[in-house]
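Below you'll find the structure, written out as structure tokens, and then a few comments.
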């Protein structure tokens, strides 16, 4: 219990600190120095730990991490399944794969943070065909954060932009496919409601931070979409946090 609370409150604190830093930089341009990459590392590391907590066995999580890393490496060298793209050194830390390709070390952990949160979001909605629904949610999360990742944070850039913003339409197909396979590999088991709530909240806060960063650097109405999706994740998290007994009593009264 203490570990769960420590993880989620640490994530909330890092997200708030990152948001305040983003606001401060927008008001008065300053170099955040090491604070930005450190907060980025903590956000992904904590988010990953929260999202996979109680989600699946350790070996399934490890296999899924490897699969997500492999999918990205294949994508970098072949353009399949996402399209032609390159990562930059803005997503610290990175390693060189040769042939000019950089690979962010945190990338597979970011995948699991999102997939884990989406698995539990779908669980909270009681949606049938959960693997398909999870893949759709993973694709939606990428869709609403794509512009921020390329234009605001500069984590990657597309070599053959043809779709929404700079991303080719194959990117959506790739995210759906990888999200589908990752969900299957995880074979998600039921966790306690609060652990599920934490994972859903992680994705909601992350998308909220993405929307805030976008509004401050490139203000327009398109940032309403990630804001809306973030609120949806927040609503589901709130439902998970509410005692199950209370929900049951409310249904009985309503009947």
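The values are calculated or read from the model by the stated rules, or taken from the named source; none is laboratory data. Since the model is a prediction, treat every value here as computed from it, not as a measurement. When we count neighbours, we look across all protein chains shown, and the Cβ atoms used for this are built from the backbone with ideal geometry, even at glycine.
For this structure, a couple of remarks:
- For the range 188-219, the tally of residues that are in a loop (DSSP other than H, G, I, E, B) and closer than 18 Å to residue 42 by Cβ stands at 0.
- In the range 92-111, residue nearest to residue 66 (Cα to Cα) [restricted to those that are modelled with pLDDT under 95 and assigned to a loop (DSSP other than H, G, I, E, B)]: 92
- Filtered by the rule that a residue be surrounded by 15 or more Cβ atoms within 10 Å (Cβ to Cβ) and touching a helix residue (DSSP H, G or I) at 6+ places or on another chain (Cβ under 9 Å), the range 67-83 gives 67, 68, 69, 71, 72, 75, 79, 81, 82, 83.
- The residues on offer are 154, 179, and the sole one that is in a loop (DSSP other than H, G, I, E, B), out of contact with any strand residue (DSSP E or B) (no Cβ under 9 Å at 6 or more places or on another chain) and over 16 Å from residue 232 (Cα atoms) is 154.
- Sub-9 Å Cβ pairs linking a first residue in the range 97-122 that is at positive phi and in contact (Cβ under 8 Å) with a residue 24 or more places away in the chain to a second residue that is surrounded by fewer than 21 Cβ atoms within 10 Å (Cβ to Cβ) and assigned to a strand (DSSP E or B), at least 6 apart or interchain, number zero.
- You will find that of 167, 148, the residue that is surrounded by 19 or more Cβ atoms within 10 Å (Cβ to Cβ) and at pLDDT below 90 is 167 and no other.
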